[in-house]
Structures are given as structure tokens and as C-alpha cells.
Amino acid sequence: MKPLRREGASAVASRVDHTALFAATPSPYLVLGPDLVIVDVNRAYLAATGRTREDLLGRHIFVAFPDNPADPDADGVKNLGASLHRVLATGRADTMALQKYDIPVMGRPGVFEERWWSPVNTPVLGAAGQVDYIIHRVEDVTAFVKEYRATHPEGVRAAERPQETQALEAELYARARELQRLNEELRQAHTREREVAVILQEAMLHVPDLAHHRDIAVRYLPATGSLNVCGDWYDVVDIAPDRLALAVGDVIGHGLEAAAVMGMLRSALSAAIRALERPAQALEVLGLYARSVEGALGTTAVKAVVDMRSRLITYSSAGHPPPMLIHSDGSCELLDQATDPPLGARPQHVPRPQASLPYKPGDTLVLYTDGLIERRDQDIDVGLGQLADVLGEFIHLGTEQLADTVLARLGVASGGRDDVALIVARL
């Protein structure tokens, strides 16, 4: 008896006729382009609306389905249009409240049929993250609404039913409208909060000395789903006459609280390196300061000072992933000889270690936070190896291109599960 042979997932998927699946899906689906022109429709949608493919394909959705001119309160076009434009603007799905959206009766010009729908609009994103299509899925709940209207308590006289029916309909519709209004208010509040958060983060990450260095690229990516703020930071400081201090750090947590702690620690470390100039001493001062800042304990940071006259990098790390020095031939050195626990990890103050290594003109120093290399399903050494491989392969690129390539190749160009801060400095 021959053993059973299992096909791989890709082999099975290759045999699936997705066009046939879409056509046969029992839920009604309409596919729109970014211009809201109908590009595809399945059989369930045609059945629900009494249309043919020829009636819909190539037509703008609101030409195919306008508001009922006989209903002065009709707002289906306005509500659906707002939802579709939110999807185009954000690239995220939008679930709408129950909608009364009458549709024209085919073969009877000017006549509309009352319909109630439960819609969801979902984007289909292209390779660059743009919205290529919108899937408009609806459930026709008209039968439910009509059955709800026809349901009356026992003992109600027939003469009273029309008035009660109207009250039930008004209550159902009013609740749907109220839910839609509240959802819109929540979206607006969330937008305002994000705008405030972005302004705050930009102010805290302002690096005046960065303008002096065309060969230094920085990147900052908050975790997906956050308010666009995070506890990671980067810093670039000129130390006269010919030294350059670079730093990255990572506060535990996400959001506004972590960003506030980040701002205090970043400022403290920036001031300490200007006064003390030795990375280990600067981190010692930062560690002492962190004990007085709620939420700062456990923060990791690394500080490196580049002496451009002696061509020497001096560094110290407080529990942070090691920076990488990439040589012009693509080989890599880890700056991992001066690593100590994160801030506040020891109960007593202990001097932090410091190490140095030489560099050559054209070498590239890369500092980053753990969101760039850590994944829940793999060892951190795997992420370090992947980063070293990408840097070695693309070391010929300019720093801006190299930074973008690193983010793309490590899968975080659009954000990841954790925050990411990155410095790429050509020495």
C-alpha cells in the first residue's frame, strides 16, 4: 500500500478558482475601483438588487444606486459615500450602521423599493499600500425590519397596529442613525488625538544637529495600531570640535505615556553627553535620573561617540541590542563588548562598561531598537543575522536608501508589532 502523499499549501491554492469562488459566495459583494466605479459583482449581489452584470459593470455606484427622490430624508448616498472615502483615505475597513437605502425598481422608471442594509466596506491594498479596490459587502435585512414591524404584543387591536408599526420603525431607524452619529464623533475624536500625538512626537524627536550631516539617515516607526507615538527614540549630537554622539533608546510600552517618558530620558541623555562626553558616564547619569521618573525603569539605550580625528568609536550599552559597524566590503562588526543591564535594573549604582573600536572612512554605523530585529516566533540571533546580511548586501547604497531598504527587507516598512527607531550613519 502506497503512503498517502500530501500536497503543499501552495499547490492546493494554485488549483483554487478564485473567480468561481467569488461568483458563488452567498453574501452579496460589489467591487469598486478607487473612483467608485463598479468593476465586479457576484451573483448574490445581483439577486439581492434584481440587476444584471450589464446593468452595473462600468457604472459609478451612485449612478447605479441614487437616493430615492421621493424620500426627503434619504441619506444613503451621503452615508455610503463617507464610508467609502474613509476607506480610501485610511486603507482600513469601515463597518456602517444599519442603513435605509431604497433602490430603483428595474423596468419602472422613478419607482423605488424600500430596502434596509447592513454594509461593510473593505480595502484591497496594492504592493505600495495604496487602495486598489474596495469590496462593498452588504446583507439585505429588509425582511428582518419588516418582520420586526409586524411583531405586536398580544391583545393589541388591529386599528392600533399602523401607529405602533410606525413607532417601532422610527425607533429602529433612530437608533441606527444615532449609532452612525456616535461612530462619526469617535472617528473625529480619534483623528484629533492622533494629530496631537504626531505634533508631540515630532517636537520631542527634533534633532537640530542632524541638519549638519547629509550622510546620516534616521527613521521612526510606531507600532501598528498605536497613536503614531512610541517610546523609542534617536538622537544626534555634535560635540565640538570633531566628535559626533549617536544614541537610540527604548522605553517599555507604547502610546502617549511611553512617549512622555521617552522625551524626558532623551533630553537627559542628550544633556549628559554634552557635559560628560564619555558614553558610559552619560548612561550612568541617565540611570540615576531614571529612578525618579515613573515608567522609566527597564528602559534600554545605547550611546556611541565617533571621534572623527582619531577614527575611533567609543560606546556603552544599557541592555540594548548591539549597534553594527559595516565595512565597505560588506563585513560586519557588532558593538557588543560594553553591554550592561537596562536602566534601574540594579538596586545599587555600579559604573557602566565602555569599549572602543576603530573605523575607516566609508564605514557605516547602524543603531536601532529591538522592534527592527525581534520577532515572537524566532530567536533574536536570527534577526541580527538578517540585519547584517541586508546591510552587507546593500552597503553601496546611500544612507537614505539603505535605511528604507533595511525596513523593507525586515518587513517593517509599514510598521510592525513593536516600535522601531533607526540611525544609519556613513562615517
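Other residues with beta-carbon under 9 Å from the beta-carbon of residue 421 carry, at +1 per Lys or Arg and -1 per Asp or Glu, a net charge of -2. Mean separation of Cα pairs under 8 Å and 6 or more residues apart, divided by the residue count, gives the stretch 250-375 a relative contact order of 25 percent.
Could you tell me what percent of the accessible area of the stretch 247-387 is made up of carbon and sulfur, with a 1.4 Å probe and every protein chain present? About 52 percent, which is the carbon plus sulfur part of the accessible surface. For the stretch 370-425, trypsin sites (Lys or Arg not before Pro) are listed when DSSP marks them as loop and at most 10 other Cβ atoms sit within 10 Å of their Cβ; the list is 376. Pairs of alpha carbons in the stretch 76-149 separated by more than 19 Å make up 45% of all such pairs. Under the combined filter of DSSP loop state and at most 13 neighbouring Cβ atoms within 10 Å, the stretch 28-137 retains these GluC sites (Glu not before Pro): 114.
How would the stretch 312-410 be classified by its alpha-carbon gyration tensor: rounded, prolate or oblate, with rounded meaning a/c under 1.5 and the a/b versus b/c comparison settling the rest? Note, shape of the stretch 312-410 comes out oblate. Tell me the net charge near residue 282. Cut-off is 14 Å between Cβ atoms, residue 282 excluded, with +1 for each Lys or Arg and -1 for each Asp or Glu. Summing Lys and Arg as +1 and Asp and Glu as -1 gives +2. Relative contact order, whole percent, for the stretch 287-326 stands at 32, derived from Cα pairs under 8 Å and 6 or more residues apart.
Computed from phi, the 3J(HN,Hα) profile of the stretch 379-387 under the Karplus parametrisation 6.51, -1.76, 1.60 (θ = phi - 60°) reads 5, 5, 5, 5, x, 4, x, 5, 5 Hz, with x in place of Gly and Pro.
The values are calculated or read from the model by the stated rules, or taken from the named source; none is laboratory data. What you see is a predicted model, and the numbers here were worked out from it, not measured in a lab. So basically every Cβ, Gly included, is an ideal-geometry build from the backbone, and we count neighbours across all protein chains shown. Accessible surface is based on the protein model in full, side chains and every heavy atom, while ligands, DNA and RNA are left aside. Shrake-Rupley method; radii C 1.70, N 1.55, O 1.52, S 1.80 Å.
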